Amino acid sequence: MSASPPSLVVVGAGVFGASLARHCALAGWEVALVERVAPGHVRAGSGDESRLIRCCHGPDAWHTRSARRAWALWHEIDPALVVDSGVAWLARRDDGWEAAGEAVLRAEGIPCERADAAELFPSIATDDVRFTLLEPEAGILRARDAVKTLAAQAVAAGAELILAEARPDG
């Protein structure tokens with residue numbers, strides 16, 4: 001007698017739910033993905049148009065590593081979901097959040113550099129900016145499209161998408 005594959009019910013097809021459903025379906029699990037509205041719908045979880053995706057999180061190395069892993073995974077899933085635009089952090093102190101973030105980025109081997117804010121943004125007053133930290137490998141995640149892609153890939157891998165409202169009583 002062969003064992004049944006593990007099964008899972010995921011409630012909510014936002015970025016976390018759709019990711020979990022995709023991952024488990026690809027691993028051979030029987031997955032039911034329950035969403036009240038269609039994945040990527042404006043009223044659904046993670047349904048907004050875009051999200052900033054960056055690795056700088058000040059002194060928080062764990063979130064920096066987590067964001068870097070997410071950056072790599074989004075590029076693997078579908079590079080068209082990410083707009084590689086970079087991010088510029090305007091620092092008002094030499095020893096603030098941006099400086100701590102720069103130290104973590106460098107320690108993690110994530111590209112960053114200091115730039116002159118006045119050269120980058122000549123139309124704004126930058127006299128209170130101590131330095132500008134450029135994070136070139138950051139950008140915009142097309143959040144709505146990303147959620148739709150994750151859910152579609154979960155279904156393609158065998159997950160069942162159920163459009164319904166999940167209730168604790170079943």
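The values are calculated or read from the model by the stated rules, or taken from the named source; none is laboratory data. Since the structure is predicted, the reported quantities are computational estimates derived from the model, not experimental observations. So basically every Cβ, Gly included, is an ideal-geometry build from the backbone, and we count neighbours across all protein chains shown. Side chains are part of the model used for accessible areas, which takes the heavy atoms of the whole protein and leaves out ligands, DNA and RNA. Shrake-Rupley method; radii C 1.70, N 1.55, O 1.52, S 1.80 Å.
Of these, Leu81, Leu105, Leu90, which one is modelled with pLDDT of 95 or more, among the aliphatic types (A, V, I, L, M), within 30 Å of Glu49 (Cβ to Cβ) and over 20 Å from the mean Cα position of the chain (by Cα)? Give the derivation first.
Numbers: Leu81 fails: over 20 Å from the mean Cα position of the chain (by Cα); Leu105 fails: over 20 Å from the mean Cα position of the chain (by Cα).
Only one candidate passes the filter, namely Leu90.
Given the condition under 24 Å from Ala143 (Cα atoms), exposed (fewer than 13 other Cβ atoms within 10 Å of the Cβ) and at pLDDT below 95, answer yes or no: does some residue in region 50-64 qualify?
yes
Can you list the strands (runs of 3 or more DSSP E) lying wholly within region 43-92 that have 2 or more residues being of a type in the set (A, V, I, L, M, F, W, C) and closer than 30 Å to Asp127 by Cβ?
Fully inside region 43-92 and qualifying: 87-91.
Where residues in region 22-44 are under 15 Å from Ile162 (Cα atoms) and not hydrophobic (A, V, I, L, M, F, W, C), which of them is surrounded by the most Cβ atoms within 10 Å (Cβ to Cβ)?
That would be Pro39.
Looking at region 111-131 only, could you name the residues that are open to solvent by 70 Å² or more (accessible area, probe 1.4 Å), aliphatic (A, V, I, L, M) and in a loop (DSSP other than H, G, I, E, B)?
Ile124, Ala125
Please work out if Glu137 is among the acidic types (Asp, Glu), open to solvent by 60 Å² or more (accessible area, probe 1.4 Å) and within 21 Å of the chain's Cα centre (by Cα).
yes
Within region 76-110, which residues are of a type outside the set (Val, Ile, Thr), open to solvent by less than 50 Å² (accessible area, probe 1.4 Å) and without any contact (Cβ under 8 Å) to a residue 60 or more places away in the chain?
Passing the criteria: Gly86, Ala88, Trp89, Ala91, Gly96, Glu98, Ala99, Ala100, Gly101, Glu102, Leu105.
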